[in-house]
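Written out below as C-alpha coordinates is the structure these notes cover.
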Amino acid sequence: MTESPVLCSIDLDAPGKHVGRLQVPRSSNESGWSNQYVPIVSVARGEGPTALVLGGVHGDEPEGQIAALNLARELRPEHVNGRVTVIPCVSIDASRAYTRLWPSGANMNRSFPGSPTGRPDEQLADFFSTVLFPRSDIVVDMHSGGRTGLCLPWSEMHWVDDAAQRAAMVDGMFHWNTHWCCVYIDIAGTGLLVGEAERQGKIVVSTELGGGGHVTAAIHRLAGSGLRNVLRRFGVIDGEAVTRTDLGLPEQALLMATELDNYLLAPESGLFETLVDLGQRVSVDEPVGRIHFLERPDREPEVIRSKTAGIVCVVRAIATTEQGDNVVVVAREADRSELD
Ligand SMILES: [Zn+2]
(Lines give C-alpha, C1' and ligand atoms only; values in the text may rest on other atoms or scores of the structure.)
Protein backbone atom coordinates (compact mmCIF):
# COMPACT_ATOMS: atom_id res chain seq x y z
CA MET A 1 0.00 0.00 0.00
CA THR A 2 1.43 3.38 -0.98
CA GLU A 3 1.75 5.75 1.95
CA SER A 4 -0.34 8.92 1.84
CA PRO A 5 1.53 11.92 0.42
CA VAL A 6 -0.65 14.18 2.59
CA LEU A 7 1.14 15.57 5.66
CA CYS A 8 -0.55 16.51 8.92
CA SER A 9 1.34 19.15 10.92
CA ILE A 10 -0.14 18.17 14.32
CA ASP A 11 -0.39 14.98 16.38
CA LEU A 12 -4.11 14.19 16.29
CA ASP A 13 -3.79 11.98 19.41
CA ALA A 14 -2.05 14.57 21.59
CA PRO A 15 -4.13 15.87 24.51
CA GLY A 16 -5.05 19.55 24.48
CA LYS A 17 -5.98 21.86 21.65
CA HIS A 18 -3.86 22.01 18.53
CA VAL A 19 -4.33 24.03 15.37
CA GLY A 20 -2.48 22.80 12.31
CA ARG A 21 -2.91 21.90 8.70
CA LEU A 22 -2.99 19.11 6.19
CA GLN A 23 -0.60 19.65 3.30
CA VAL A 24 -1.54 18.27 -0.10
CA PRO A 25 1.14 18.29 -2.81
CA ARG A 26 0.39 20.94 -5.46
CA SER A 27 2.08 21.94 -8.66
CA SER A 28 0.47 24.78 -10.55
CA ASN A 29 1.17 27.39 -13.22
CA GLU A 30 1.78 29.91 -10.45
CA SER A 31 3.98 27.67 -8.31
CA GLY A 32 5.69 24.55 -9.51
CA TRP A 33 6.71 23.23 -6.11
CA SER A 34 4.00 23.96 -3.56
CA ASN A 35 1.51 22.51 -1.10
CA GLN A 36 -2.15 23.25 -0.57
CA TYR A 37 -2.87 23.84 3.12
CA VAL A 38 -6.12 22.61 4.67
CA PRO A 39 -6.50 23.83 8.28
CA ILE A 40 -7.30 21.19 10.90
CA VAL A 41 -8.05 21.60 14.61
CA SER A 42 -7.78 18.87 17.22
CA VAL A 43 -9.20 19.11 20.75
CA ALA A 44 -8.61 16.05 22.93
CA ARG A 45 -8.94 15.12 26.57
CA GLY A 46 -9.05 11.71 28.22
CA GLU A 47 -10.85 8.61 27.02
CA GLY A 48 -13.96 8.87 24.93
CA PRO A 49 -15.23 8.71 21.39
CA THR A 50 -13.65 10.54 18.48
CA ALA A 51 -15.74 12.84 16.30
CA LEU A 52 -14.61 14.15 12.93
CA VAL A 53 -16.43 17.37 11.99
CA LEU A 54 -16.32 18.49 8.36
CA GLY A 55 -17.54 21.60 6.55
CA GLY A 56 -16.96 22.86 3.05
CA VAL A 57 -16.68 19.62 1.13
CA HIS A 58 -18.53 21.78 -1.39
CA GLY A 59 -17.25 25.34 -1.60
CA ASP A 60 -20.60 27.07 -2.11
CA GLU A 61 -22.06 25.74 1.14
CA PRO A 62 -20.94 28.17 3.88
CA GLU A 63 -23.42 26.98 6.55
CA GLY A 64 -21.28 24.08 7.74
CA GLN A 65 -18.01 25.94 7.28
CA ILE A 66 -19.11 28.68 9.64
CA ALA A 67 -20.57 26.27 12.20
CA ALA A 68 -17.30 24.30 12.13
CA LEU A 69 -15.17 27.46 12.41
CA ASN A 70 -17.20 28.59 15.44
CA LEU A 71 -16.86 25.17 17.06
CA ALA A 72 -13.14 24.92 16.35
CA ARG A 73 -12.48 28.37 17.78
CA GLU A 74 -14.66 28.03 20.89
CA LEU A 75 -13.98 24.44 21.93
CA ARG A 76 -11.59 23.96 24.88
CA PRO A 77 -10.07 20.70 26.07
CA GLU A 78 -12.08 20.86 29.29
CA HIS A 79 -15.29 20.61 27.18
CA VAL A 80 -14.17 17.38 25.50
CA ASN A 81 -14.39 13.74 26.55
CA GLY A 82 -12.39 12.02 23.83
CA ARG A 83 -11.34 13.76 20.66
CA VAL A 84 -12.91 16.29 18.32
CA THR A 85 -11.13 16.80 15.02
CA VAL A 86 -12.46 19.69 12.95
CA ILE A 87 -11.70 20.51 9.32
CA PRO A 88 -13.80 23.65 8.84
CA CYS A 89 -13.32 23.71 5.09
CA VAL A 90 -12.26 20.59 3.21
CA SER A 91 -12.36 22.21 -0.25
CA ILE A 92 -10.64 25.46 0.52
CA ASP A 93 -10.01 26.72 -3.02
CA ALA A 94 -13.64 25.97 -3.92
CA SER A 95 -14.79 27.98 -0.91
CA ARG A 96 -12.56 30.89 -1.95
CA ALA A 97 -14.22 30.79 -5.38
CA TYR A 98 -17.69 30.16 -3.84
CA THR A 99 -18.13 27.22 -6.19
CA ARG A 100 -19.30 23.68 -5.57
CA LEU A 101 -16.32 22.10 -7.33
CA TRP A 102 -12.59 22.63 -6.97
CA PRO A 103 -11.05 24.98 -9.57
CA SER A 104 -9.62 21.80 -11.12
CA GLY A 105 -13.20 20.62 -11.74
CA ALA A 106 -12.99 17.94 -9.06
CA ASN A 107 -16.07 17.26 -6.96
CA MET A 108 -14.60 16.36 -3.56
CA ASN A 109 -17.80 14.47 -2.78
CA ARG A 110 -17.20 12.10 -5.71
CA SER A 111 -13.51 11.48 -4.96
CA PHE A 112 -13.82 8.72 -2.34
CA PRO A 113 -12.29 6.40 -1.31
CA GLY A 114 -9.48 8.24 -3.11
CA SER A 115 -5.99 7.20 -4.06
CA PRO A 116 -2.53 8.11 -2.73
CA THR A 117 -1.31 8.32 -6.32
CA GLY A 118 -4.36 10.05 -7.83
CA ARG A 119 -5.30 13.67 -8.38
CA PRO A 120 -4.94 16.07 -5.41
CA ASP A 121 -8.61 15.62 -4.46
CA GLU A 122 -8.15 11.85 -4.56
CA GLN A 123 -5.00 12.11 -2.43
CA LEU A 124 -6.90 14.16 0.15
CA ALA A 125 -9.85 11.72 0.03
CA ASP A 126 -7.43 8.84 0.54
CA PHE A 127 -6.04 10.55 3.65
CA PHE A 128 -9.59 10.75 5.02
CA SER A 129 -10.30 7.12 4.15
CA THR A 130 -7.06 5.67 5.52
CA VAL A 131 -6.16 8.02 8.39
CA LEU A 132 -9.08 10.15 9.59
CA PHE A 133 -12.07 7.78 9.26
CA PRO A 134 -10.41 4.74 10.89
CA ARG A 135 -9.64 6.77 14.02
CA SER A 136 -13.17 8.25 14.23
CA ASP A 137 -16.37 6.92 15.75
CA ILE A 138 -18.61 9.71 14.50
CA VAL A 139 -18.29 11.57 11.19
CA VAL A 140 -20.30 14.78 10.80
CA ASP A 141 -20.42 16.11 7.23
CA MET A 142 -22.39 19.33 6.80
CA HIS A 143 -23.88 20.27 3.44
CA SER A 144 -26.58 22.47 1.95
CA GLY A 145 -28.12 22.92 -1.47
CA GLY A 146 -25.28 25.27 -2.44
CA ARG A 147 -25.86 28.03 -4.96
CA THR A 148 -27.99 25.90 -7.27
CA GLY A 149 -30.33 24.21 -4.82
CA LEU A 150 -32.67 25.42 -2.13
CA CYS A 151 -33.32 22.64 0.39
CA LEU A 152 -35.61 22.50 3.34
CA PRO A 153 -33.16 22.60 6.23
CA TRP A 154 -32.81 18.97 7.27
CA SER A 155 -30.52 16.41 8.83
CA GLU A 156 -30.14 13.31 6.73
CA MET A 157 -28.84 9.80 6.33
CA HIS A 158 -28.41 7.03 3.84
CA TRP A 159 -30.11 3.75 4.63
CA VAL A 160 -27.40 1.41 5.96
CA ASP A 161 -28.07 -2.31 6.41
CA ASP A 162 -26.33 -2.80 9.75
CA ALA A 163 -29.10 -2.32 12.33
CA ALA A 164 -26.86 -1.04 15.13
CA GLN A 165 -25.08 1.44 12.85
CA ARG A 166 -28.43 2.54 11.43
CA ALA A 167 -29.96 3.05 14.90
CA ALA A 168 -27.01 5.24 15.93
CA MET A 169 -27.25 7.25 12.70
CA VAL A 170 -31.01 7.75 13.19
CA ASP A 171 -30.27 8.93 16.73
CA GLY A 172 -27.70 11.39 15.40
CA MET A 173 -30.01 12.59 12.63
CA PHE A 174 -32.86 13.26 15.08
CA HIS A 175 -30.56 15.06 17.53
CA TRP A 176 -29.74 17.82 15.06
CA ASN A 177 -33.26 18.90 16.06
CA THR A 178 -34.20 20.08 12.57
CA HIS A 179 -37.93 20.01 11.84
CA TRP A 180 -37.25 17.87 8.75
CA CYS A 181 -35.18 14.70 8.56
CA CYS A 182 -34.52 12.99 5.25
CA VAL A 183 -33.38 9.57 4.09
CA TYR A 184 -31.90 9.96 0.62
CA ILE A 185 -30.14 8.15 -2.21
CA ASP A 186 -27.35 9.29 -4.53
CA ILE A 187 -28.69 9.98 -8.01
CA ALA A 188 -25.59 11.81 -9.25
CA GLY A 189 -22.75 9.37 -9.00
CA THR A 190 -20.72 7.43 -6.47
CA GLY A 191 -17.63 8.24 -4.44
CA LEU A 192 -19.33 10.21 -1.66
CA LEU A 193 -17.46 10.99 1.53
CA VAL A 194 -20.30 9.74 3.72
CA GLY A 195 -20.52 6.51 1.71
CA GLU A 196 -16.93 5.60 2.53
CA ALA A 197 -17.38 6.53 6.21
CA GLU A 198 -20.56 4.40 6.32
CA ARG A 199 -18.75 1.50 4.67
CA GLN A 200 -16.22 1.70 7.51
CA GLY A 201 -19.08 1.37 10.01
CA LYS A 202 -18.96 4.92 11.32
CA ILE A 203 -21.88 6.83 12.80
CA VAL A 204 -22.39 9.30 9.99
CA VAL A 205 -24.47 12.42 10.56
CA SER A 206 -25.08 14.77 7.65
CA THR A 207 -27.24 17.73 6.75
CA GLU A 208 -28.64 19.83 3.93
CA LEU A 209 -29.13 23.17 5.62
CA GLY A 210 -30.92 25.36 3.11
CA GLY A 211 -28.83 26.73 0.29
CA GLY A 212 -29.62 28.92 -2.69
CA GLY A 213 -26.55 31.10 -2.20
CA HIS A 214 -27.78 32.85 0.92
CA VAL A 215 -27.67 31.82 4.57
CA THR A 216 -30.20 33.23 7.01
CA ALA A 217 -29.40 33.84 10.66
CA ALA A 218 -31.87 31.08 11.58
CA ILE A 219 -29.90 28.59 9.47
CA HIS A 220 -26.62 29.64 11.09
CA ARG A 221 -28.23 29.07 14.50
CA LEU A 222 -29.55 25.67 13.43
CA ALA A 223 -26.15 24.62 12.08
CA GLY A 224 -24.35 25.64 15.26
CA SER A 225 -26.85 24.32 17.79
CA GLY A 226 -27.44 21.05 15.92
CA LEU A 227 -23.73 20.33 15.58
CA ARG A 228 -23.13 20.82 19.31
CA ASN A 229 -26.22 18.85 20.29
CA VAL A 230 -25.12 15.86 18.20
CA LEU A 231 -21.65 15.96 19.77
CA ARG A 232 -23.29 16.08 23.21
CA ARG A 233 -25.58 13.19 22.34
CA PHE A 234 -22.58 10.97 21.64
CA GLY A 235 -20.76 12.18 24.76
CA VAL A 236 -17.87 13.85 22.92
CA ILE A 237 -18.46 17.29 24.41
CA ASP A 238 -19.93 18.08 27.80
CA GLY A 239 -23.50 19.16 28.49
CA GLU A 240 -26.84 17.41 28.15
CA ALA A 241 -28.24 16.83 24.68
CA VAL A 242 -31.77 18.15 24.22
CA THR A 243 -34.65 16.85 22.12
CA ARG A 244 -37.25 18.81 20.17
CA THR A 245 -39.72 17.95 22.93
CA ASP A 246 -37.35 19.53 25.48
CA LEU A 247 -37.35 22.63 23.28
CA GLY A 248 -41.16 22.69 23.10
CA LEU A 249 -41.14 21.86 19.39
CA PRO A 250 -43.24 19.31 17.48
CA GLU A 251 -41.70 15.96 16.60
CA GLN A 252 -39.45 15.71 13.52
CA ALA A 253 -41.14 15.19 10.15
CA LEU A 254 -39.45 12.27 8.41
CA LEU A 255 -39.03 12.33 4.62
CA MET A 256 -38.01 9.48 2.32
CA ALA A 257 -36.36 10.45 -0.96
CA THR A 258 -35.19 6.93 -1.74
CA GLU A 259 -36.77 6.38 -5.18
CA LEU A 260 -35.49 7.78 -8.47
CA ASP A 261 -39.00 9.17 -9.08
CA ASN A 262 -38.54 11.54 -6.11
CA TYR A 263 -35.93 13.45 -8.15
CA LEU A 264 -37.44 15.42 -11.03
CA LEU A 265 -35.05 16.30 -13.85
CA ALA A 266 -35.47 18.97 -16.50
CA PRO A 267 -36.74 17.40 -19.75
CA GLU A 268 -35.28 20.26 -21.81
CA SER A 269 -32.92 23.18 -21.38
CA GLY A 270 -34.41 26.59 -20.66
CA LEU A 271 -35.50 28.96 -17.94
CA PHE A 272 -37.01 27.19 -14.93
CA GLU A 273 -40.10 28.55 -13.22
CA THR A 274 -41.02 26.85 -9.96
CA LEU A 275 -44.70 26.41 -9.25
CA VAL A 276 -44.22 25.08 -5.73
CA ASP A 277 -42.66 26.24 -2.49
CA LEU A 278 -40.47 24.31 -0.09
CA GLY A 279 -42.51 22.28 2.38
CA GLN A 280 -45.58 22.24 0.12
CA ARG A 281 -47.52 18.96 -0.10
CA VAL A 282 -48.11 17.86 -3.71
CA SER A 283 -49.97 14.99 -5.34
CA VAL A 284 -49.09 12.70 -8.25
CA ASP A 285 -49.14 14.56 -11.60
CA GLU A 286 -49.35 17.94 -9.93
CA PRO A 287 -47.38 20.55 -11.91
CA VAL A 288 -44.30 21.59 -9.93
CA GLY A 289 -42.45 23.69 -12.48
CA ARG A 290 -42.19 24.87 -16.06
CA ILE A 291 -39.32 25.28 -18.50
CA HIS A 292 -39.51 28.40 -20.67
CA PHE A 293 -37.73 28.93 -23.98
CA LEU A 294 -36.08 32.31 -24.47
CA GLU A 295 -35.77 31.82 -28.21
CA ARG A 296 -39.39 30.68 -28.63
CA PRO A 297 -41.83 33.20 -27.13
CA ASP A 298 -44.52 31.49 -29.19
CA ARG A 299 -43.92 28.13 -27.53
CA GLU A 300 -45.86 26.92 -24.50
CA PRO A 301 -43.56 26.17 -21.57
CA GLU A 302 -42.82 22.51 -20.82
CA VAL A 303 -44.64 21.49 -17.65
CA ILE A 304 -42.87 19.29 -15.11
CA ARG A 305 -45.18 17.18 -12.97
CA SER A 306 -44.54 15.35 -9.74
CA LYS A 307 -44.26 11.59 -10.19
CA THR A 308 -45.04 10.94 -6.55
CA ALA A 309 -47.11 12.36 -3.70
CA GLY A 310 -45.21 14.05 -0.92
CA ILE A 311 -43.45 17.14 0.33
CA VAL A 312 -41.41 19.48 -1.85
CA CYS A 313 -38.00 19.37 -0.18
CA VAL A 314 -35.69 20.81 -2.86
CA VAL A 315 -36.29 23.49 -5.50
CA ARG A 316 -33.71 24.56 -8.04
CA ALA A 317 -32.35 27.94 -6.95
CA ILE A 318 -31.17 29.32 -10.28
CA ALA A 319 -33.48 29.60 -13.22
CA THR A 320 -31.04 28.85 -16.02
CA THR A 321 -31.39 25.13 -16.47
CA GLU A 322 -29.90 22.45 -18.64
CA GLN A 323 -31.64 19.28 -19.71
CA GLY A 324 -31.14 16.70 -16.96
CA ASP A 325 -30.68 19.18 -14.12
CA ASN A 326 -32.60 18.36 -10.96
CA VAL A 327 -35.31 21.00 -10.58
CA VAL A 328 -37.49 19.68 -7.74
CA VAL A 329 -37.33 16.83 -5.22
CA VAL A 330 -40.60 15.51 -3.81
CA ALA A 331 -40.09 13.23 -0.80
CA ARG A 332 -42.55 10.79 0.71
CA GLU A 333 -43.76 11.46 4.23
CA ALA A 334 -42.77 8.52 6.40
CA ASP A 335 -43.17 7.18 9.89
CA ARG A 336 -40.03 6.80 11.97
CA SER A 337 -40.84 3.11 12.57
CA GLU A 338 -39.69 2.57 8.95
CA LEU A 339 -36.14 3.19 10.16
CA ASP A 340 -36.19 0.36 12.73
ZN1 LIG B 1 -22.72 19.58 -0.61
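When region 81-106 is filtered for residues that are touching a residue at least 40 places away in the same chain (Cβ under 8 Å) and either out of contact with any helix residue (DSSP H, G or I) (no Cβ under 9 Å at 6 or more places or on another chain) or open to solvent by 30 Å² or more (accessible area, probe 1.4 Å) (or both), the ones remaining, listed by number, are 81, 82, 83, 92, 93, 98, 99, 100, 101. In region 230-251, of all residues being touching a Phe, Trp or Tyr at 6+ places or on another chain (Cβ under 9 Å) and of a type in the set (A, V, I, L, M, F, W, C), the one that is most open to solvent (accessible area, probe 1.4 Å) corresponds to 241.
Does residue 63 qualify as being in a helix (DSSP H, G or I) and either within 16 Å of the ligand (Cβ to nearest atom) or crowded, with 24+ Cβ neighbours inside 10 Å (or both)? Criteria met by residue 63. Taken together, the residues in region 138-174 that are away from the ligand (no atom under 16 Å from the Cβ), buried (at least 17 other Cβ atoms within 10 Å of the Cβ) and within 16 Å of the chain's Cα centre (by Cα) amount to 6. Kindly establish whether residue 111 is surrounded by 21 or more Cβ atoms within 10 Å (Cβ to Cβ), within 16 Å of the ligand (Cβ to nearest atom) and small (Gly, Ala, Ser). The answer is yes for residue 111. Return a yes/no flag: does region 31-43 have any residue that is within 16 Å of the ligand (Cβ to nearest atom) and at pLDDT 95 or above. Among the residues of region 31-43, not one is within 16 Å of the ligand (Cβ to nearest atom) and at pLDDT 95 or above, which makes the answer no.
For a quick check of your reading: which helices (runs of 4 or more DSSP H) sit entirely within region 92-200 and have at least 1 residues that are polar (S, T, N, Q)? The helices (runs of 4 or more DSSP H) meeting that bar are 92-97, 120-127, 163-174. Scanning region 66-80 for residues that are open to solvent by less than 10 Å² (accessible area, probe 1.4 Å) and within 16 Å of the ligand (Cβ to nearest atom) gives 67, 68.
The values are calculated or read from the model by the stated rules, or taken from the named source; none is laboratory data. Just so it is clear, the structure is predicted and the values come from calculations on it, not from any experiment. All Cβ positions, glycine included, derive from the backbone under ideal geometry; neighbour counts span all protein chains shown. Accessible surface is based on the protein model in full, side chains and every heavy atom, while ligands, DNA and RNA are left aside. Shrake-Rupley method; radii C 1.70, N 1.55, O 1.52, S 1.80 Å.
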